[in-house]
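What follows is calculated from the coordinates using simple rules that are stated; it is not laboratory data. Everything numeric in this text was worked out from a predicted model, so none of it was measured. For neighbour counting, all protein chains shown are included, and Cβ atoms are generated from backbone atoms with ideal geometry for every residue, glycine included.
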Amino acid sequence: MAYNNILTEIENSILTLTINRPDKLNALNTDTLAEIRSAIQSAYDELEVKGVIITGAGEKAFVAGADISEFMSFGPDEGKKLAANGQEIFNLIENCPKPVIAAVNGFTLGGGCELSMACHIRVASENAKFGQPEVSLGLIPGYGGTQRLIQLIGKGKAFELLMTADMIGAQDALQLGLVNHVTPQEELLPKCHEILKKIFTKGPVAISKIIGTVNAYFEEGTDGFQKEIDLFGDCCGTEDFREGTAAFLEKRKADFPGK
Ligand code: COA
């Protein structure tokens, strides 16, 4: 698929996906969402890719939300379709078997905040601003925001942010647990690279199982403890496990084959 709204680059086993509509503060329109879906799907399969960074072009915004101009005339059925499509794509990110980090720069509002929350880890630059301003438009979040915000910051704080539409800065987001780290703008991508580099030294199959078990905690009808037992067992059948344990006993660094 040719991309017009995102940039993709693979370097040092990292796929960097940059949402590239800076004149619209990287607002997510239908085409942009389709391109994100395609790029994330390719990250699932591409052997060269071991981790993903999602960021926004320019210094002003990560993503300032879903593209309001596209859905302002929608009725209920179109609205449901829009939300279902966005949720499907963000679930794809959340369930990606490789680590996905949001490098959050600037405005991270509505669908942008939801996109960042679908990633496994969030690193924010000092100028990042987070919010779910949908109620100001007479709407509610539709891309999983009401659910993932509770998961990350708890019900009381989530209610306040969702109902007031308040925008909060990076330090407040850090304090709430909405982001993992805050960095100066120029250190944002290097910090994301540093985290991924550390993860890449670990067993890749185990990393994918961590993603599966942690996500299982939030899956309706799934017993996360049972899933942990099953995936622990699966890990014991991998070459990564043989290599990791052998390397420990031989007092050397593991060289994981990733299977
Ligand atoms: N959808 C569509 N276009 C958007 C957008 C969105 N969510 N957010 C910003 N834009 C566009 C603006 O319309 C403007 O386009 P124009 O230059 O063609 O008029 C451009 O991006 C720059 O935005 P602007 O509002 O001029 O920048 P600002 O610095 O004055 O304000 C924000 C920045 C983020 C506070 C403001 O753009 C905003 O409130 N955006 C909407 C946020 C939102 O409600 N998101 C949730 C959507 S469900």
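Annotations
- Between the Cα long axis of helix 239-249 and the first principal axis of the chain there is an angle of about 60°, rounded to the nearest 10.
- Based on alpha carbons, the Rg and Dmax found for the stretch 177-222 are 14.2, 43 Å.
- Between ASN215 and ASP77, the modelled label-to-label distance comes to 3.1 nm, taking each label 7 Å out from Cα in the direction of the beta carbon.
- Taking amide H as placed 1.01 Å from N in the peptide plane, VAL179 has its amide H under 5 Å from the amide H of LEU174, each at least 5 places away in sequence or on another chain.
- Relative to the longest principal axis of the Cα atoms of the chain, the long axis of helix 155-164 makes an angle of roughly 30 degrees.
- Our summary gives the stretch 204-249 a relative contact order of 37 percent, counting only alpha carbon pairs under 8 angstrom and 6 or more residues apart.
- Using a cutoff of 8 angstrom between alpha carbon atoms and counting only pairs six or more residues apart, the relative contact order for the chain works out to 15 percent.
- Taking Cα centre as origin and charging only the Cβ of basic (Lys, Arg, +1) and acidic (Asp, Glu, -1) residues, the dipole magnitude of the chain rounds to 540 debye.
- Each residue in VAL182, VAL104 was given a count of other beta-carbon atoms within 10 angstrom of its own, and listing them fewest first yields VAL182, VAL104.
- Plainly put, the stretch 37-168 has a radius of gyration that is 0.96 times its Kirkwood radius, both from alpha-carbon atoms, as the Rg/Rh ratio.
- With semi-axes defined as the square roots of five times the eigenvalues of the C-alpha gyration tensor, the equivalent ellipsoid of the stretch 204-249 measures 24, 9, 7 Å, largest first.
- The calculated 222 nm mean residue ellipticity attributable to helices in the chain amounts to -14500 deg cm²/dmol, summing -39500 (n - 2.57) over DSSP H runs of n ≥ 4 and dividing by all residues.
- Here the stretch 136-190 and the stretch 52-85 have alpha carbon centers that stand 16 Å from each other.
- Rg followed by Dmax, in Å, when the chain is reduced to its Cα trace: 18.7, 65
- Nearest 10 degrees, 0 to 90: helix 188-200 Cα axis against the chain principal axis: 30
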